[in-house]
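Where a number appears in this text, it was derived from the coordinates with a stated rule and is not lab data. All figures in this text were calculated on a predicted structure; none of them were measured in a lab. No Cβ is skipped: glycine too gets one built from the backbone with ideal geometry, and neighbour counts run over all protein chains shown.
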Amino acid sequence: MNIFRFAGDMSHVVSILVLLLRLRSSKSAVGISLKTQELFLIVFVTRYLDLFTTFYSLYNSFMKVAYIASTTYIIWMIRFQEPYKSKYDASQDSFLHIKFAVAPCAGLALFACLVKGELSPIDILWTFSIFLEALAIVPQLFVLQRYREVENLTGHYVFFLGAYRGLYILNWVYRSYYEQFYRHNWLVYVSGAVQTALYVDFFYYYVVSKYYGGKLTLPT
Amino acid sequence: ADADEAKDEL
């Protein structure tokens, strides 16, 4: 554990708490992408199968369970609970059909694992989750773009999620310098870089709007 | 402890 990784994890936790606060305070899921939440749930469930096979630490196991539970709860809220359910507008959240995200990532993961000779289902699903995570934020970014004016807490949610990814890049730099037995995984680095790059545009408008104290409005 | 390719990360 290093400071960047811990700060990244905490930023991730904060983003989820902000999202829950956002849903509860406005009593609506307008501006929130259910698709992104569902993609994140697929990511967590496929990546954290090692909960059953490998014990890293209490912290690690606790966080994994917390991510799965909180994301499941958020999806349940938007899908089945009033008033979120009736206010959720699926037509605003139409970009990127789940299967068009899942299928290419599954194919790529299978290919990557065949090349590396990692043939256990847990390894393949772990690699799949690395690729899918990079795409998971895309529907949310499109929902923001559709409404253009980003509600405060929704903006903070995406900001903390992006900060988490940025801090993980610093974590990999740190680990490759200071951990003797750290093995580079270029697939993790490349999809992590792609994922972080997706946030850059949002970050720019977020920081500018905070600096000038105005509302966060995205350009058309 | 040795780490296996970031698999101990969240």
**Item:** Cα centroid separation - the stretch A:55-132 against the stretch A:1-37, whole Å
**Value:** 15 Å
**Prompt:** Once Rh for the protein assembly as shown is found with the Kirkwood sum over Cα pairs, what is the Stokes-Einstein diffusion coefficient at 20 °C and 1.002 mPa s, in µm²/s?
**Reply:** 117 µm²/s
**Request:** Taking the Cα centre of the stretch A:71-220 as origin, work out the dipole magnitude from +1 charges on Lys and Arg Cβ and -1 charges on Asp and Glu Cβ, in debye rounded to 20.
**Result:** 120 debye
**Request:** Using a Förster distance of 22 angstrom, determine the FRET efficiency expected from the C-beta separation of residue A:103 and residue A:51, and round it to 0.05.
**Result:** 0.30
**Request:** Pairs of lysines 8 or more apart, or on different chains, with alpha carbons under 24 Å: count those in the protein assembly as shown, would you?
**Result:** 12
**Fill in**
Expected sort for A:142, A:111 with the fewest Cβ neighbours (10 Å cutoff) up front is A:111, A:142
**Asked** With a ≥ b ≥ c the root eigenvalues of the C-alpha gyration tensor of the stretch A:83-219, is it rounded (a/c under 1.5), prolate (a/b larger than b/c) or oblate?
**Response** oblate
**Asked** What residue among A:46, A:72, A:36 shows peak mean-square fluctuation when chain A is described by a Gaussian network model with Cα springs under 10 Å?
**Response** A:72
**Prompt:** In degrees between 0 and 90, to the nearest 10, how far off the longest principal axis of chain A does helix A:3-26 point, with axes built from Cα atoms?
**Reply:** 30 degrees
**Prompt:** Taking a temperature of 25 °C and a viscosity of 0.890 mPa s, what whole-number D in µm²/s does Stokes-Einstein yield for the stretch A:103-159 with Rh from Kirkwood over alpha carbon pairs?
**Reply:** 186 µm²/s
**Item:** Extension gain, residue A:69 back to residue A:118 (0.36 nm per residue minus Cα-Cα distance, nm)
**Value:** 14.8 nm
